[in-house]
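The values are calculated or read from the model by the stated rules, or taken from the named source; none is laboratory data. What you are looking at is a predicted structure, and each value in this text was computed from that prediction instead of being measured. Neighbour counts are summed over all protein chains in view; Cβ atoms, including those assigned to glycine, are modelled from backbone coordinates with ideal geometry. All accessible areas refer to the heavy atoms of the entire protein, side chains included, with ligands and DNA or RNA removed. Shrake-Rupley method; radii C 1.70, N 1.55, O 1.52, S 1.80 Å.
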Amino acid sequence: MSTFALRLVGLLLMLTALALPLMRAPDRAVSTLVQRWAPPPSDFLDLQGQLVHYRDEGPRHDPAPIVLIHGTAASLHTWEGWARALRGQRRVISFDLPGFGLTGPYTGHYAGRPYRGPDYARFTLDLLDALKVQRFVVAGNSLGGEVAWQLAALAPQRVDKLVLVDASGYAIDPVSMPAGFLLARTPVLNRLGEHLLPRALVVASVRDVYGDPSRVNEALVDRYFELTLREGNRVAMGERFRQMQPGADATRITTLRLPTLILWGGRDRLIPPAAAQRFQADIAGSQLVMFDTLGHVPQEEDPARTVVPVKAFLGMAPG
């Protein structure tokens, strides 16, 4: 190696050593995050030793509440726009899955469970039992979409209708993967990620899943950044990626026999639109609505536009 190359490597190592303390991001206790990220109507439920952050809004007499399930690295906040639009006419329940948001890693009765779709589906049924919800409509985005269709397969007598939003379920080849996901799934680096979290990494990751990155603002980045730091969430994220088996349960999708609406962002580079067409082909009678300019989280990127077909699907007044 030349003298110049050695000096360059030495300089890079020195700069890295200087930068590491600046990137250090220790876990934050959930109590320090509640005031900002769990204002009313947020509440917490002790579910067999697992403290669950959830919101239960709208009329309690609704015979089939709408349950909204977020994706990997997200939280119930991703549904706030839809909840505002739906809660005037329907009961709307959203919550943070274990390992994410303010709910945090599995504890109590659930300690040690895998962070996978089928296990999340069983957890969701336990939560709905605790809320005394028997029959429901379920909508999910990304991982939450997989949890939603797993619920429909697991308990078909309880799921009235299904809404899939850029849902996972098939083995796919992403066009692009958020930098934070790449970090979480890479051995050794994911261990570093449990202690370091450059804000720039969060910015790049959120921009990567939006169809129009200019929609990503500081408040949105704050939410993803701070909730990722919730104690235990980064360790849980690494476990989730180690446990992932893309497409392992895909044959269950063809067994679904219920009214299904499929919404997809045409600019989704994580789960490309070809997956939407496969869901439509595999679920008899399903409807597909494509939003050409939106990305992987269309319900968050443009809630006003994306909730319109949901209201029509549920037979709600358009206003």
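In table form, for the structure just shown:
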{"quantity": "Subset of the range 194-227 (residues that are open to solvent by 20 Å² or more (accessible area, probe 1.4 Å), touching a strand residue (DSSP E or B) at 6+ places or on another chain (Cβ under 8 Å) and at pLDDT 95 or above)", "calculated": "E226"}
{"quantity": "Residues being open to solvent by less than 10 Å² (accessible area, probe 1.4 Å) and touching a Ser or Thr at 6+ places or on another chain (Cβ under 7 Å) - total across the range 298-313", "calculated": "2"}
{"quantity": "Answer residue from the range 202-259, given it is assigned to a loop (DSSP other than H, G, I, E, B) and within 15 Å of the chain's Cα centre (by Cα) and is farthest from L270 (Cα to Cα) among those", "calculated": "M244"}
{"quantity": "Positions within the range 108-163 being in a strand (DSSP E or B) and of a type in the set (G, A, S), in sequence order", "calculated": "A139, G140"}
{"quantity": "Hey, L102 in contact with a Phe, Trp or Tyr (Cβ under 9 Å, 6 or more places away or on another chain) and either open to solvent by less than 30 Å² (accessible area, probe 1.4 Å) or free of Cβ contacts under 8 Å to residues at least 60 places away in the same chain (or both) or not", "calculated": "yes"}
{"quantity": "Any pair with Cβ under 7 angstrom, 6 or more apart, that starts in the range 294-319 at a residue that is of a type in the set (K, R) and ends at one that is not in a helix (DSSP H, G or I)", "calculated": "R305/F291; K311/P318"}
{"quantity": "Test: residue in the range 256-272 that is of a type in the set (S, T, N, Q) and either modelled with pLDDT under 95 or open to solvent by less than 30 Å² (accessible area, probe 1.4 Å) (or both)", "calculated": "yes"}
{"quantity": "Filter result for A248 (open to solvent by 30 Å² or more (accessible area, probe 1.4 Å), small (G, A, S) and in contact (Cβ under 8 Å) with a residue 24 or more places away in the chain)", "calculated": "no"}
{"quantity": "Considering residues of the range 166-193 that are charged (D, E, K, R) and assigned to a loop (DSSP other than H, G, I, E, B) only, the residue modelled with the highest pLDDT", "calculated": "D166"}
{"quantity": "Within the range 260-270, tally of residues that are assigned to a loop (DSSP other than H, G, I, E, B) and closer than 21 Å to Q150 by Cβ", "calculated": "2"}
